[in-house]
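Step one of this worksheet: look at the structure below.
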Amino acid sequence: MNVQRDFLLLMTLSVTAAAPAVGQTAAPSIPDFSGSWNHAPLNGLELPISGPGPVRNRSRRLTGPQAGTGNGAQLVGDYTNPILQPWAAEVVKKFGEISLAGKGYPTPRNQCWPEQVPFVFANYGMQVLQQSDKVTILYPFDHQFRQVRLNQPHPPHVTPSWYGDSVGHYEGDTLVVDTVGIKIGPFSMIDWYGTPFTEALHLVERYRLIDYEATKEAIERDAKENFQFANPDNGPAVDPNYKGKGLQIQVTVEDEGAFAMPWSATVTLRRALDERLELVCADNTEWYPGTHSAVPMADKPDF
């Protein structure tokens with residue numbers, strides 16, 4: 001009898017310790033974004049359902065099963081997009097004219113430079129590592145990564161860096177990431193169309209899980225705008241058997257130096273096969289005929 005009484009007392013104390021006190025609520029659970037995710041289109045930014053959005057491709061595919069989508073062989077950004085300040089519109093127009101002439105122009109990707117945010121969403125996927133004090137995001141192309149410090153402010157004086165200073169916090173089921181201080185290099189751009197930015201660039205990303213049907217709808221909506229790759233050659237392939245939740249990032253972009261107004265975009269990802277691909281940009285130094293990437297090369301071997 002004493003043994004049974006002691007056992008019941010122990011169980012009662014355990015339940016009491018685990019339950020929140022009267023007037024208190026249990027700590028909210030942290031959403032689980034960890035693992036590998038696939039992104040089907042090479043263009044990283046999807047159009048928002050409403051409101052001002054990113055620059056689109058004026059050149060469209062005329063034939064094939066995805067006719068009507070942006071033509072990846074001609075990167076002709078819509079320089080009439082009202083988000084662009086006049087000088088930024090001229091930059092986009094200039095790059096489009098180069099592409100229409102059948103020539104390539106330098107981008108962070110083909111010059112083996114950091115792709116920065118939000119250009120880095122052009123990767124065909126990513127892997128998320130969550131810890132109590134930070135979130136690390138790995139991008140497959142050229143070993144790129146970002147670290148988001150949790151529950152911390154930006155420093156009073158941010159030293160510009162390639163991926164900026166990112167701080168985040170959880171709001172219920174959403175991870176909110178605020179990024180400032182993105183460094184500008186010789187090939188920096190927002191997207192494939194050469195859309196420029198300035199030191200004033202400010203990004204807010206909101207990561208949340210959405211159900212399978214909502215994920216499907218978002219992918220189908222984007223498939224009307226951007227060519228979708230079923231089996232990307234430089235990123236993790238989608239898991240064809242997964243019917244669970246997808247990951248969607250809502251991005252808000254502000255830059256009073258380059259844009260006439262804030263604008264937004266989304267990035268929708270599906271659960272990917274857990275692949276590890278070695279994708280080294282410097283292994284491919286000639287991206288378009290006769291033009292080599294700006295990768296430092298020694299005149300002679302070191303030894």
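The values are calculated or read from the model by the stated rules, or taken from the named source; none is laboratory data. The shown structure was predicted, so the numbers you read here are calculated from the model rather than taken from an experiment. Positions of Cβ are generated from backbone atoms using ideal geometry, with glycine treated the same way; all protein chains shown enter the neighbour counts. We work out accessible area using only protein heavy atoms, side chains counted, and drop any ligands, DNA or RNA first. Shrake-Rupley method; radii C 1.70, N 1.55, O 1.52, S 1.80 Å.
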Exercise for review: Give the residue that is nearest to I83 (Cα to Cα), with candidates limited to residues of the range 234-245 that are in contact (Cβ under 8 Å) with a residue 40 or more places away in the chain, of a type outside the set (A, V, I, L, M) and surrounded by fewer than 22 Cβ atoms within 10 Å (Cβ to Cβ).
Suggested key: N234
Review point. Given the structure, is D142 in contact (Cβ under 8 Å) with a residue 40 or more places away in the chain, among the charged types (D, E, K, R) and crowded, with 16+ Cβ neighbours inside 10 Å?
Key: yes
Exercise for review: Among residues belonging to the range 52-61 that are open to solvent by 60 Å² or more (accessible area, probe 1.4 Å) and out of contact with any Leu (no Cβ under 8 Å at 6 or more places or on another chain), point out the one that is modelled with the highest pLDDT.
Suggested key: R58
Exercise for review: Test P65 against the stated conditions and say whether it is open to solvent by 70 Å² or more (accessible area, probe 1.4 Å) and without any contact (Cβ under 8 Å) to a residue 24 or more places away in the chain.
Suggested key: yes
Check your understanding: Of the numbered conditions (1) touching a Gly at 6+ places or on another chain (Cβ under 8 Å); (2) surrounded by 16 or more Cβ atoms within 10 Å (Cβ to Cβ); (3) free of Cβ contacts under 8 Å to residues at least 60 places away in the same chain; (4) of a type outside the set (S, T, Y), Q248 satisfies every one except a single condition; which is it?
Key -> (1)
Study note, to complete from the structure: The residue that is farthest from L47 (Cα to Cα), considering only those in the range 219-233 that are open to solvent by 70 Å² or more (accessible area, probe 1.4 Å) and in contact (Cβ under 8 Å) with a residue 60 or more places away in the chain, is A230
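Results for (1) touching a His at 6+ places or on another chain (Cβ under 9 Å); (2) aliphatic (A, V, I, L, M); (3) at pLDDT 95 or above, shown as yes or no for each residue.
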site	(1), (2), (3)
T198	no, no, yes
A230	no, yes, no
P240	no, no, no
V253	yes, yes, yes
Practice item. Please determine, by comparing only the residues of the range 81-105 that are open to solvent by less than 50 Å² (accessible area, probe 1.4 Å) and in a loop (DSSP other than H, G, I, E, B), which one is farthest from L201 (Cα to Cα). Key: G104
Point to revise | Meets criteria (touching a strand residue (DSSP E or B) at 6+ places or on another chain (Cβ under 7 Å) and open to solvent by less than 40 Å² (accessible area, probe 1.4 Å)) for Q152 | key: no
Exercise for review: Could you check E213 against (1) under 25 Å from Q66 (Cα atoms); (2) touching a helix residue (DSSP H, G or I) at 6+ places or on another chain (Cβ under 6 Å); (3) not small (G, A, S) and say which number it fails?
Suggested key: (2)
Review point. Residues of the range 92-115 being at negative phi, over 20 Å from the mean Cα position of the chain (by Cα) and not β-branched (V, I, T), which ones?
Key: K93, K94, F95, G96, E97, S99, L100, A101, K103, G104, Y105, P106
Check your understanding: Any idea which of V204, V253 is open to solvent by less than 40 Å² (accessible area, probe 1.4 Å), touching an Asp or Glu at 6+ places or on another chain (Cβ under 6 Å) and within 24 Å of Q85 (Cα to Cα)?
Key -> V204
**Study point:** Selection count where residues are surrounded by fewer than 17 Cβ atoms within 10 Å (Cβ to Cβ) and hydrophobic (A, V, I, L, M, F, W, C), scope the range 181-201
**Key:** 2
